[in-house]
Amino acid sequence: MDNTLVDRAEGFRLWAERFIAQRSLDLAELPWLEAADGDGFKPRAEFFAEVSARYAIAEPIADLVAGYRIDYPPCIPGPSEETRAALLGLRALGWKIGIVTNGSRTQEAKITGTGLDQLVDGWVISEVVGVRKPELAIFRTAAEVCGCPLRGGWMVGDNAEADIAGASASGLSSAWISRCRTWREPTYGPTLIASSVAEAVSEILVRQDSR
């Protein structure tokens, strides 16, 4: 979901700018916060421990994390018009679409807040179901939630290990959203590489039609 269906980087940047303003920090701190964030993969308690130490914040780490869980989801922008059109087009053709995301229950607030809940058939969140990508069980659960078989499906995502390695181990075809990066994993790879969800969907449909 993050940096695939919605622009998480933009959403975090907005949250960070507001955090800087609320704490009367220098805007020059924005790059440090973005780097410390680890593209969202760093546990939030660890992230805020670093933030607290850097800015000498007296509040408990747990309180900072709790505030983030409230303030951050509304910062996430909705999917682009191209992404919306691609998802609507797939569903019009009878495809089932599910979101498989690692993270906390906050992910659901992002799904509903951005309107993604109106564009997909279901979703699974790792903290809720107790398994994480790239584990097979989370992909199976997503298929069950969407009421369709796992076999013959596609995984579209931007993370090499969680999305593409997970897809490979689950018997899924995969599309890697490159985000201007070069694929560097030598032992496995995506079925296709695309610059956006819309491009990935277009190529998937071409490949399905050619079968």
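Just to check your reading of the model, which residue among 116, 88 is in the same structural domain as residue 161 (by TED's automatic domain parsing) and surrounded by fewer than 19 Cβ atoms within 10 Å (Cβ to Cβ)?
The conditions single out 88.
Within region 152-200, being under 15 Å from residue 1 (Cα atoms), of a type outside the set (Gly, Ala, Ser) and out of contact with any strand residue (DSSP E or B) (no Cβ under 8 Å at 6 or more places or on another chain) holds for 159, 161, 179.
Where in region 144-211 are there strands (runs of 3 or more DSSP E), lying wholly inside it, with at least 1 residues that are at pLDDT 95 or above, touching an Asp or Glu at 6+ places or on another chain (Cβ under 9 Å) and among the polar types (S, T, N, Q)? Even if it seems obvious, please write down each step before you answer.
Details: elements: 154-157, 173-177, 192-194.
Correct list: 173-177.
When each of 81, 108, 17 is tested for being surrounded by 13 or more Cβ atoms within 10 Å (Cβ to Cβ), at pLDDT 95 or above, farther than 21 Å from residue 145 by Cα and acidic (Asp, Glu), the lone residue that passes is 17. Every condition in (1) outside any helix (DSSP H, G or I); (2) in the same structural domain as residue 151 (by TED's automatic domain parsing); (3) surrounded by 14 or more Cβ atoms within 10 Å (Cβ to Cβ) is met by residue 57 except one, and the failing one is (2). When residue 46 is tested against (1) in a helix (DSSP H, G or I); (2) in the same structural domain as residue 124 (by TED's automatic domain parsing); (3) of a type outside the set (Ser, Thr, Tyr), only condition (2) is not met.
Comparison of 63, 39 shows that the only residue that is more than 26 Å from residue 150 (Cα to Cα), more than 13 Å from the chain's Cα centre (by Cα) and without any contact (Cβ under 8 Å) to a residue 60 or more places away in the chain is 63.
Residue by residue, here is whether (1) of a type outside the set (Gly, Ala, Ser); (2) modelled with pLDDT of 95 or more; (3) closer than 25 Å to residue 203 by Cα; (4) not assigned by TED's automatic domain parsing to the domain that holds residue 166 holds:
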site	(1), (2), (3), (4)
93	yes, yes, yes, no
96	yes, yes, yes, no
123	yes, yes, yes, no
132	yes, yes, no, no
137	no, yes, no, no
140	yes, yes, yes, no
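The values are calculated or read from the model by the stated rules, or taken from the named source; none is laboratory data. These numbers come from a predicted model, not from an experiment. Neighbour counts are summed over all protein chains in view; Cβ atoms, including those assigned to glycine, are modelled from backbone coordinates with ideal geometry.
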